[in-house]
Amino acid sequence: MFDEFSMANVGAMAPYTGFTEPEVRQLCACYAMDFEECKTWYDGYHFEESGAIYNPRSIVQSMIFRHFDTYWNQTETLDALRLYIDMNYAGLREAVMELMAGGIHRINIRTFNNDMTTFYSYEDVLTLLVHLGYLGYDAEKKTVFIPNKELMEEFVSATTASKWPEKKQAKELNG
């Protein structure tokens with residue numbers, strides 16, 4: 001018997017999924033980095049059990065290099081994101097475009113089969129992106145969103161390089 005924790009249901013593991021906001025504040029002070037800018041780049045995951053959680057790799061890299069940038073593509077390849085958002089499920093492109101415009105999108109995560117190959121709907125693909133950390137998930141509202149500037153950059157790159165006819169729109173949305 002075991003319990004499964006994921007980005008959609010972190011439960012008691014929430015404070016251990018990344019750096020907490022007090023830890024990030026302390027790191028920013030130690031490395032003379034602007035906390036508000038750091039928050040813009042890397043905040044966005046929020047769990048009831050812990051509050052804000054930040055991607056540890058991105059925080060560490062930004063502190064080491066003393067520069068805010070996208071470090072996500074060094075942990076997951078851009079091709080992985082592009083592969084999933086290029087899937088031709090009805091509603092997927094529209095949902096991703098809505099998210100890239102700063103919106104939120106309601107999904108049912110209960111249909112997801114908990115693997116990376118079996119998809120029946122665009123909601124399954126979006127749920128996988130939650131599990132991979134590309135999307136944030138509000139469990140109370142049952143909505144997904146792009147959590148921060150770093151991941152928005154990844155979505156812009158992925159859709160710009162994708163087969164979507166809407167890729168020009170995505171680039172225009174985000175400069």
Quick count over region 54-68, residues being touching a helix residue (DSSP H, G or I) at 6+ places or on another chain (Cβ under 7 Å) and in a loop (DSSP other than H, G, I, E, B), is 2
Restricting region 98-122 to residues that are assigned to a helix (DSSP H, G or I) and surrounded by fewer than 18 Cβ atoms within 10 Å (Cβ to Cβ), the residue that is modelled with the lowest pLDDT:
Thr111
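Working carefully through the options Val125, Val144, find the one that is in contact with a Phe, Trp or Tyr (Cβ under 9 Å, 6 or more places away or on another chain), modelled with pLDDT of 85 or more and in a helix (DSSP H, G or I). Give the derivation first.
On the way: Val144 fails: in a helix (DSSP H, G or I).
Residue meeting the stated conditions: Val125.
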If I filter region 50-73 down to residues being within 14 Å of the chain's Cα centre (by Cα) and β-branched (Val, Ile, Thr), which single residue comes out as farthest from Cys30 (Cα to Cα)?
Thr70
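So in region 84-115, with the set limited to residues that are charged (D, E, K, R) and under 15 Å from Thr159 (Cβ atoms), which one is nearest to the chain's Cα centre (by Cα)?
The initial filter retains those residues of region 84-115 that are charged (D, E, K, R), namely 86, 93-94, 98, 106, 110, 115.
If we keep only those that are under 15 Å from Thr159 (Cβ atoms) as well, we get 86, 93-94, 98.
Values: Asp86: 17, Arg93: 16, Glu94: 17, Glu98: 15 Å.
Among those that are charged (D, E, K, R) and under 15 Å from Thr159 (Cβ atoms), it is Glu98.
The values are calculated or read from the model by the stated rules, or taken from the named source; none is laboratory data. Bear in mind the structure is a predicted one, so any value in this text is a computation, not a measurement. All Cβ positions, glycine included, derive from the backbone under ideal geometry; neighbour counts span all protein chains shown.
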